[in-house]
């Protein structure tokens, strides 16, 4: 079992690649899965909640040894994929698990949204080390075949210096795909306690050899594995650069296509909305207008002393934004009712709000109007009719709504 963690920018390109003619969709979570276009659209809708994240795509190909082919039923592969995600901290988010039948080695692909269901970013810090540990744990748990050569050796039975040798081997193998030059490799290995030393030619000061040290035990690159001699490492660096350049060209081409599509709409595009200095996408503004919430980063503080991140929602009139460190739709006990956090905040800010409160022991919901005459009042007032629309001022309702519409055009103010 071998896995690789890849980050990307485009769900479209990734899903189209994974959902090829040999693909078999084994499981989908949180997405419409009738076809590839619906899957892409589902990922994109959630991704729009955090437009500042440049690489929202998570892609994990997992392959298995030929010796384990007979065991690789669809159910078993799904079980392995889900346990792998659990161990890697990939939780509470959209994903698809797809099996491919285009090679002799059984393999699958996981595509997941790094923007989870609460609009939090799923971290990939130290994913190299976690990947090595997770693959080994699952192979040992289910008695899966280790790869040929060094990959087949059971590390827990080794003693120094072989134990160090194989630790260095595993570490280099994990970080090398992301290195473009000798400095990248040195820095990546340093995170895992492996020290890299280059040998230079006396006359030209060019690198001619490499060695690796861990726990005061050192090996030449070729002693670790022939493919880790400096000559072969240099070839890997060059190949990694070529792959990155190709990826950049594909992404640039995709961006140009999208730019051409959007160019015709630019002149007629209405002025966007912003909250606390953060420009909102049309999708984000639509979510707020429909009574939902979004998560924003980089919001400017009122006193201009810095920035902060929080959930954001609007009041009923849609002319004022409120920020909350916690999910605004979470429930909290306030007075006689258990209500949403957003309702509590609006009441305390002096607004009349149609609150969503738990009813009949939490088995149902009710929607009373709650407010305070004065912000300092300890208790709120309750009514099952909107107190803002009395018999006297019903005639003024239309005029008030028109004024509120004018306010929305200017954008909400952050509360």
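Summary table below
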| item | result |
| --- | --- |
| Test result for residue 24, surrounded by fewer than 17 Cβ atoms within 10 Å (Cβ to Cβ) and not assigned by TED's automatic domain parsing to the domain that holds residue 177 | yes |
| Qualifying position, being closer than 26 Å to residue 120 by Cβ and outside any helix (DSSP H, G or I), among 20, 92 | 92 |
| Residue in the range 282-303 that is in a strand (DSSP E or B), without any contact (Cβ under 8 Å) to a residue 40 or more places away in the chain and either out of contact with any helix residue (DSSP H, G or I) (no Cβ under 7 Å at 6 or more places or on another chain) or at positive phi (or both) present | yes |
| Some residue of the range 343-350 being out of contact with any strand residue (DSSP E or B) (no Cβ under 6 Å at 6 or more places or on another chain), closer than 23 Å to residue 388 by Cα, at pLDDT 90 or above and surrounded by 18 or more Cβ atoms within 10 Å (Cβ to Cβ) | no |
| Selection count, the range 27-47, where residues are touching a helix residue (DSSP H, G or I) at 6+ places or on another chain (Cβ under 8 Å) and surrounded by fewer than 19 Cβ atoms within 10 Å (Cβ to Cβ) | 8 |
| From 77, 1, 72, 19, residue being under 17 Å from residue 103 (Cα atoms) and modelled with pLDDT of 95 or more | 77 |
| Condition check for residue 2: surrounded by 16 or more Cβ atoms within 10 Å (Cβ to Cβ) and out of contact with any strand residue (DSSP E or B) (no Cβ under 7 Å at 6 or more places or on another chain) | no |
| Subset of the range 347-363 (residues that are over 33 Å from the mean Cα position of the chain (by Cα) and either closer than 22 Å to residue 313 by Cβ or not in a loop (DSSP other than H, G, I, E, B) (or both)) | 347, 348, 349, 350, 351, 352, 353, 354, 359 |
| Search result, residues across the range 104-125 that are in a loop (DSSP other than H, G, I, E, B) and either closer than 27 Å to residue 297 by Cα or out of contact with any strand residue (DSSP E or B) (no Cβ under 8 Å at 6 or more places or on another chain) (or both) | 104, 114, 116, 117, 118, 119, 120, 122, 123, 124, 125 |
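The values are calculated or read from the model by the stated rules, or taken from the named source; none is laboratory data. Only a predicted model underlies this, so the values are computations on that prediction, with no experimental measurement involved. Counting neighbours? That spans all protein chains shown, and the Cβs are built from the backbone with ideal geometry, glycine included.
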